[in-house]
1. Being hydroxyl-bearing (Ser, Thr, Tyr), in a helix (DSSP H, G or I) and surrounded by 10 or more Cβ atoms within 10 Å (Cβ to Cβ) is the filter here; which residues of segment 39-70 pass it?
2. Within the set of pairs 6+ apart or on separate chains, which have a first residue in segment 447-470 that is within 17 Å of Thr382 (Cβ to Cβ), a second that is open to solvent by 70 Å² or more (accessible area, probe 1.4 Å), and C-beta atoms under 9 Å apart?
3. Among (1) in contact with a strand residue (DSSP E or B) (Cβ under 6 Å, 6 or more places away or on another chain); (2) modelled with pLDDT of 95 or more; (3) open to solvent by 10 Å² or more (accessible area, probe 1.4 Å), which single condition is Gly351 missing?
4. Do you know which of the residues in segment 558-578 that are part of a loop (DSSP other than H, G, I, E, B) and closer than 15 Å to Ile540 by Cα is least open to solvent (accessible area, probe 1.4 Å)?
5. I'd like the residue in segment 258-274 that is more than 22 Å from the chain's Cα centre (by Cα) and assigned to a loop (DSSP other than H, G, I, E, B) and, out of all such residues, is nearest to Gly311 (Cα to Cα).
6. Of all residues in segment 88-137, which are open to solvent by less than 30 Å² (accessible area, probe 1.4 Å) and among the small types (Gly, Ala, Ser)?
7. Just give me the residues in segment 254-276 being β-branched (Val, Ile, Thr) and under 25 Å from Cys572 (Cα atoms), in sequence order.
8. Within the set of pairs 6+ apart or on separate chains, which have a first residue in segment 585-604 that is over 16 Å from Arg264 (Cβ atoms) and open to solvent by 10 Å² or more (accessible area, probe 1.4 Å), a second that is of a type in the set (S, T, N, Q) and not in a strand (DSSP E or B), and C-beta atoms under 9 Å apart?
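The values are calculated or read from the model by the stated rules, or taken from the named source; none is laboratory data. Since we're looking at a predicted model, the values are computed, not measured. Please note: Cβ atoms are built from the backbone with ideal geometry, for glycine as well, and neighbour counts cover all protein chains shown. To get the accessible areas, we keep the full protein, side chains included, count just its heavy atoms, and leave off ligands, DNA and RNA. Shrake-Rupley method; radii C 1.70, N 1.55, O 1.52, S 1.80 Å.
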Amino acid sequence: SQSTSRKLCIRHQRIADEGTNLKLQRALDELPLEERESINAIWASFSSSPHPRRELILRGILTMCCFSQLSLLTDALGHLIRIDPFVIFPREVSLRVLAYLDATSLCRAAQVSRHWKALADDDLLWREICEQHIGTKCNKCGWGLPILERRRLAVPLSPSSLSPIPGPTPGTRSSSNGKRKQDDSGVISAPKRHHSEPSPPVTSSAHLDLLPLPAPTPTPALIGSLPPSSPSPLPLPVEEALTRPWKHVYSERLKIERNWRRGRCSVRTLKGHTNGIMCLQFSETLPHLPFPVLITGSYDRTARVWNLETGEEIRCLRGHTRALRTLQFDEAKLITGSMDHTIRIWNWRTGECIRTLEGHTEGVICLNFDSDFLASGGVDATVKVWNFRTGECFTLRGHRDWVNTVLLWDSNSGTPASVSEMSSQHVPPGKMLFSASDDCTVRLWDLSLRTCVRLFSGHMGQVQGLKLLSLDGGHDGEDAKLHRLGDDSSTHPAESRTTACQPQSPREPQLLLVSGSLDNTVKLWDIDSCKVVRTLFGHIEGVWAVACDQMRLVSGSHDRTIKVWSRDDGRCVSTLVGHTGAVTCLALGEDKIVSGSDDGDVRVWSFS
């Protein structure tokens, strides 16, 4: 081969690299001298011709070829005109090109060759895809994947620390290589938009041994004194963080989302209550605990604490003299409401009743609290608001029948109230409360004014459940339209689109109010106009409970079923059947639904 100083095009550079000219020269050397001179003359004439003359020569040669020569040309051209761009491009340019592909296209690209696989499996590419889909809905394909918050925030505990927990753990550690930390079972946490990486989880204990509480958030004016926590921190085991590629993180969460869409789940039944379940709540991210906690309340007058991971009952709280109708808990306390007209505040880790609140003249049906206020509604058709900081209680009147649900809402949470406003009114401006009643209405109250400011009318039956639903604000331009995907079980989140999911310019999210009623419907309301945005039909009997998150909406009904709804278009994605009584309460997690029923059973529907 002859060296040349001029720059070769891609095609001739590849010929030089493959030694094609050397092979031709060897074949030419085997011919007689006259034939060599003739062939060289033809090649030289073609090489010196301009492009139009070359095309003319080739067309003439093609007319002279028989099928055997045309077949030879077809085989040769199939190889010659195929160019692998990623062999030519620098790695940085190749990754930039692949960044425009969706997850399905990247997986197909990884099957082309080993070189393509090394590029298509690049960790940064899959990290960007995770950030576009996990914890939010992609505005191109309409798919969103669960964060799996418990796997992100689980606290590593040594076996010796499963007895009384003295206090909070040190801060989490970060991974320097852009990968997620892996737990003992090979599970990786999900991205949450540039948050610090979590510490790896460990296996949980089956027991909860009288764990002392951390210091409570609210001042003890209303709650009373809670057991102080020890100042000594919990030692963390020193170990090297394990990591796993972001592609595996995406794949793990994609499987869960597919299970949600197909209605594919495993079911566990927790038995312990002797009468119907009326209320429940679970949390998978409580600090200082290595396992998720579920608390249920029943007509049997008890509240029971469960290890949601193992299904074992940890503790039974007794004290109410009539049916327990409502509850809510956080890391420090459990608050329950009962038909015995009282509200009780518990240290749920020890089973101690800290305080009993009396104010309702009849049974307490619902309650909701935040860091500053506790709201409750009852059979007496009133709503009472209790101030944790001052101990003050005031009453809101307006409903004409039982108050079934109350829901606190900070309408201007981005603008905190000043100290003067707090001290003069005890309620910051913008503090609102929703209440739903058997009078078939929903009311919105301004707690700083103590008046009803909006009335939602439209249900034909008693309103039993309320939730706030945050919709993505959409995006400017034509790309704001979501690409709807069907229910085909073989459909991948990106299979029916030709362009990659690219982030757009977001707008402010919109809040909707979700209500479930005994008129068999679930309604979505615009809060500003008090008008119905959408009505979900599907249950054949009344709806007792609703729940929603960033991905979906679920409802439990007297017809003994649970329905999973698409947030975008209101379609019923799946129906879960198994309870033998009315589904009276439910809670929604990223990979599970927990439901309670009149049949006395608690069911855990796991999609992971």
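1. Ser45
2. Pairs that qualify, where the first residue is within 17 Å of Thr382 (Cβ to Cβ) and the partner is open to solvent by 70 Å² or more (accessible area, probe 1.4 Å), are Gln462/Trp402.
3. (2)
4. So the residue we want is Asp559.
5. Lys271
6. Matches in segment 88-137: Ser94, Ala103, Ala109, Ala110, Ala120, Gly135.
7. The answer is Ile256, Val267, Thr269.
8. Asp598/Asn275; Asp598/Thr580; Asp599/Thr580; Asp601/Thr580
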